[in-house]
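The values are calculated or read from the model by the stated rules, or taken from the named source; none is laboratory data. Just so it is clear, the structure is predicted and the values come from calculations on it, not from any experiment. Here the Cβ positions follow ideal geometry from the backbone for every residue, glycine too, while neighbour counts run over all protein chains shown.
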Amino acid sequence: MKLLTLGSVSFVTSDEIGDAVVRLSVALSNCQQVDAVEIPFIDDEGRSRRAVVTIGGLTAPTSADHLLSGTGPRDPELLREIERRTAALHPRGDVPLTAEELPQGWTLDEAW
């Protein structure tokens, strides 16, 4: 199981969900976006619960192995949705210009 930490709040969840949420958060941050994601977790009394948290931007969760044994809460449909959302993100920002994007009359050598 994983301990997923967002700021001062931590959730015990499955390895797959914990790692997928971190990957989605990194992808959102790379795109300068934030989003809400639902996380299944085990509470202090061992009950399965769910929380909706905001990730991306400056909210960077961490995921670390947890001492509790077991697999944690499973939700294959949610896992697929998180992975789909991650794959759909494309970072924006500084990227090299192509020859077609250079101002008229410039060459790639002059651009560098």
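General remarks:
- Residues of the stretch 24-46 that turn out to be in a helix (DSSP H, G or I) and either of a type in the set (Val, Ile, Thr) or within 16 Å of LEU68 (Cα to Cα) (or both), as a count: 1
- Only residues that are within 10 Å of the chain's Cα centre (by Cα) and hydrophobic (A, V, I, L, M, F, W, C) were counted across the stretch 18-61, and they come to 11.
- Scan the stretch 47-67 for residues that are on the phi < 0 side of the Ramachandran plot, part of a loop (DSSP other than H, G, I, E, B) and surrounded by 12 or more Cβ atoms within 10 Å (Cβ to Cβ) and the total you get is 3.
- Residue within the stretch 32-46 that is touching a residue at least 60 places away in the same chain (Cβ under 8 Å), surrounded by 15 or more Cβ atoms within 10 Å (Cβ to Cβ), in contact with a Ser or Thr (Cβ under 8 Å, 6 or more places away or on another chain) and farther than 21 Å from HIS90 by Cα present: no
- Matching residues in the stretch 68-89 - criterion: being loosely packed, with under 11 Cβ neighbours inside 10 Å, at pLDDT 80 or above and part of a loop (DSSP other than H, G, I, E, B): none
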